[in-house]
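Remarks on the structure that follows.
We did not get these values from a lab; they are worked out from the coordinates using the rules stated. These figures come from a predicted structure and were not determined experimentally. Cβ placement follows ideal geometry from the backbone for every residue including glycine, while neighbour counts extend to all protein chains displayed.
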Ligand SMILES: Nc1ncnc2c1ncn2[C@@H]1O[C@H](COP(=O)(O)OP(=O)(O)O)[C@@H](O)[C@H]1O
Ligand SMILES: [Mg+2]
């Protein structure tokens with residue numbers, strides 16, 4: 001078991017009221033799984049990803065990653081977990097604008113304290129996996145959206161993490177480029193990487209071996225991707241019919 | 001650790017390149033502070049070296065007897081007040097004669113007396129009323145270190161007879177006789193004619209204030225007749241050799257105390273001081289000026305530091321997203337802290353380096369354009385470096401701590 005969440009809550013205080021972005025999430029994910037997380041905007045997908053990625057601390061509940069209780073970790077230990085165990089891929093790419101593609105990919109290795117030579121070698125290896133060896137010295141602004149996201153994926157891969165977390169990685173891309181990125185994830189999954197992918201596109205979720213649907217901070221469906229996507233569409237249709 | 005340091009340094013450099021004008025403006029306070037200190041220290045150090053050199057030229061065997069304490073003594077030691085000193089009897093030519101006659105360790109003596117702020121005229125032109133008129137006995141060039149550039153000094157006969165002959169400082173000579181040979185010409189002091197018989201070698205200014213070249217020297221008796229007999233003199237005493245200076249000073253002190261009929265418990269009502277003691281009081285003065293300069297410098301460094309604080313806070317705010325990304329990728333708090341602290345230190349150190357360069361430039365300019373004697377002391381360079389990096393650290397630590405505390409989730413949401 002790579003991930004075990006139990007009763008995870010994440011609450012925000014908004015104008016005197018308490019809003020629960022996550023309202024009791026139980027979830028277990030094994031090494032090597034490829035899980036899609038679907039749900040409407042505001043349902044809590046990003047909050048869940050941030051908790052999984054040790055970027056955010058839950059208000060209540062327990063999170064065991066790789067056999068270690070995340071709640072007990074110090075700030076520095078969390079930083080090290082993010083550095084070694086987690087590869088984050090964001091919707092908005094989150095590349096450093098002043099640095100080249102290569103330097104961006106090297107960044108997590110810099111924080112791991114690797115010598116420059118090894119950094120370079122690993123970054124090149126990761127950039128090769130995303131087929132971007134022609135653009136090493138380009139700044140993000142000199143790259144297309146798809147290329148930027150591939151740099152971001154290379155950056156996530158460079159540290160060889162246990163877990164890839166992608167929060168709507170195709171959200172800022174056209175559908176053809178998005179499909180390319182998804183094929184890349186499928187290839188990475190085939191190599192044995194554990195991937196959790198947030199998407200609002202049922203078609204993408206349907207392609208995943210497993211999907212989890214989240215509504216109002218709670219998991220409401222969990223199963224093979226195609227089935228979850230189908231049930232989602234069905235309830236959507238029911239909803240639409242009820243409204244009409 | 002070292003690798004992290006160089007990574008941080010590279011990042012800091014990147015920031016400066018990204019905002020060159022902003023960086024430069026931020027540095028202004030530090031640049032001004034450091035270059036002020038450097039220039040002032042260069043002036044003081046130059047002055048100190050020059051004065052010490054001048055004083056050593058006078059010979060270590062010479063000391064002086066005066067009514068007034070050395071001009072630049074500052075604070076401490078002397079508890080006498082102005083009125084008490086002013087009430088002391090003047091030193092006279094008779095005192096000088098007594099010293100010369102009854103002190104076996106004394107080789108020679110010279111007396112001088114002065115009147116500042118005088119106008120010197122010729123038939124056709126005149127100086128500003130700022131010339132220093134000095135009456136001296138004939139030994140004066142030997143005990144004071146002045147040299148005659150042209151013509152000659154006056155002799156005993158001219159002094160005894162009170163002849164109206166004059167030796168000019170080079171500035172006075174240039175002012176009054178720009179186009180003709182001054183020797184043999186006539187000048188007028190208080191309306192009476194004097195014949196120019198010599199010109200003094202140029203010596204420059206002391207403390208950048210007192211101009212040794214804007215003088216007219218006349219025989220002592222001539223001076224006393226013209227400017228009043230009751231004024232005090234300064235008596236320069238040269239001992240026979242270096243070993244007898246202390247003994248000569250004791251003898252002179254004893255003779256003077258006898259002449260003034262001082263009891264065993266009375267303090268001296270005159271001053272005996274060596275050139276070394278003058279040098280010492282100059283050094284005391286320069287310490288005070290140094291302290292004052294540091295006051296000014298600390299103030300402008302404070303201003304510079306607030307500039308650094310401000311720009312670093314702006315930088316942290318602008319780069320919130322970047323900081324969030326770095327933390328998300330595994331940068332520890334300390335690493336972010338170190339990155340921004342390094343940037344602040346590098347920033348103000350750059351200001352310090354520019355200031356040091358500017359200080360050297362201004363010192364060279366002063367030497368070249370104003371003829372000032374300047375020398376930048378090495379310790380001032382070290383101190384400037386230490387102070388500017390200290391300012392960067394002190395004022396950079398708060399923005400850096402703020403950067404380190406940034407929440408990555410919030411930061412990456414920020415636009
Ligand atoms: N910092 C915050 N302060 C207050 N409410 C927040 C904050 N972050 C998220 N939320 C709320 O939590 C809920 C879940 O947000 P999020 O996880 O971003 O949803 P999703 O990614 O599924 O669109 C939303 O209602 C959102 O408004
Ligand atoms: Mg989201």
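Observations on the model:
- Taking the number of Cβ atoms within 10 Å of each Cβ as an exposure proxy, the fewest-first ranking of B:7, B:266 is B:266, B:7.
- Binning the C-alpha pair distances of chain A at 10 Å intervals from 0 yields a P(r) profile of 7, 30, 35, 21, 6, 1, 0 %, listed from the shortest bin outward.
- Sorted fewest first by neighbouring Cβ atoms within 10 angstrom, A:119, A:210, A:155 come out as A:210, A:119, A:155.
- Only DSSP H runs of four or more residues enter the estimate; each adds -39500 (n - 2.57), and after division by the residues of the protein assembly as shown the mean residue ellipticity at 222 nm equals -16500 deg cm²/dmol.
- A simple packing score, the average count of other Cβ atoms within 10 Å per residue, orders the peptides B:393-405, B:359-371 as B:393-405, B:359-371, with the highest score first.
- In degrees, nearest ten, helix A:75-84 long axis to first principal axis of chain A (Cα): 70 degrees
- Full extension of the chain segment joining residue B:269 with residue B:85 gains 65.5 nm, where the gain is 0.36 nm per residue of separation less the Cα-Cα distance.
- Neighbour-count order for A:111, A:12, fewest beta carbons within 10 angstrom listed first: A:12, A:111
- Taking every residue in A:68-79 and counting other chain Cβ atoms within 10 Å of its Cβ, the average works out to 2.
- FRET E, pair residue B:123, residue B:317, Förster distance 60 Å, beta-carbon r, rounded to 0.05: 0.20
- Convex hull per residue volume in Å³, alpha carbons only, for the stretch B:89-269: 133 Å³
- Reference-scaled alpha-carbon Rg (2.2 N^0.38 Å with N residues) for the protein assembly as shown: 1.66
- Taking one quarter of the surface of the C-alpha convex hull of chain B gives a mean projected area of 28.5 nm².
- Between 0 and 90°, nearest 10: helix B:93-102 axis offset from chain B longest Cα axis: 80 degrees
- FRET efficiency, 1/(1 + (r/R0)^6) with R0 60 Å, evaluated for residue A:28 and residue B:3 via beta carbons: 0.95
- Estimated distance in nm for a label pair at residue B:303 and residue B:188, the labels positioned 7 Å out from Cα along Cα-to-Cβ: 5.1 nm
- Within a Gaussian network of chain A (alpha carbon springs, distance under 10 Å), most fluctuating of A:121, A:159, A:205: A:121
- Label-point separation, residue B:246 to residue A:233 (7 Å along Cα→Cβ), nm: 11.3 nm
- Compared with the dominant Cα axis of chain B, that is its longest principal axis, helix B:20-57 is turned about 20°.
- Comparing A:190, A:126, A:206 in a Gaussian network model of chain A (Cα springs below 10 Å), the most mobile by mean-square fluctuation is A:190.
- Between B:392, B:14, B:29, the residue with the greatest mean-square fluctuation in the GNM of chain B (Cα pairs under 10 Å linked by springs) is B:14.
- Paramagnetic label reach from residue A:13 (point 7 Å along Cα→Cβ; backbone nitrogen cut-off under 20 Å): within the stretch B:400-415, residues B:406-411.
- Rh (Kirkwood; distinct C-alpha pairs) - the stretch B:225-373, Å: 22.7 Å
- Test item: B:319-326 mean partner chain Cβ contacts at 10 Å: 4
- A simple packing score, the average count of other Cβ atoms within 10 Å per residue, orders the peptides A:192-198, B:143-149, A:229-235 as A:192-198, B:143-149, A:229-235, with the highest score first.
- Computed from the Cβ-Cβ distance with R0 of 30 Å, the FRET efficiency linking residue B:21 to residue A:190 stands at 0.05.
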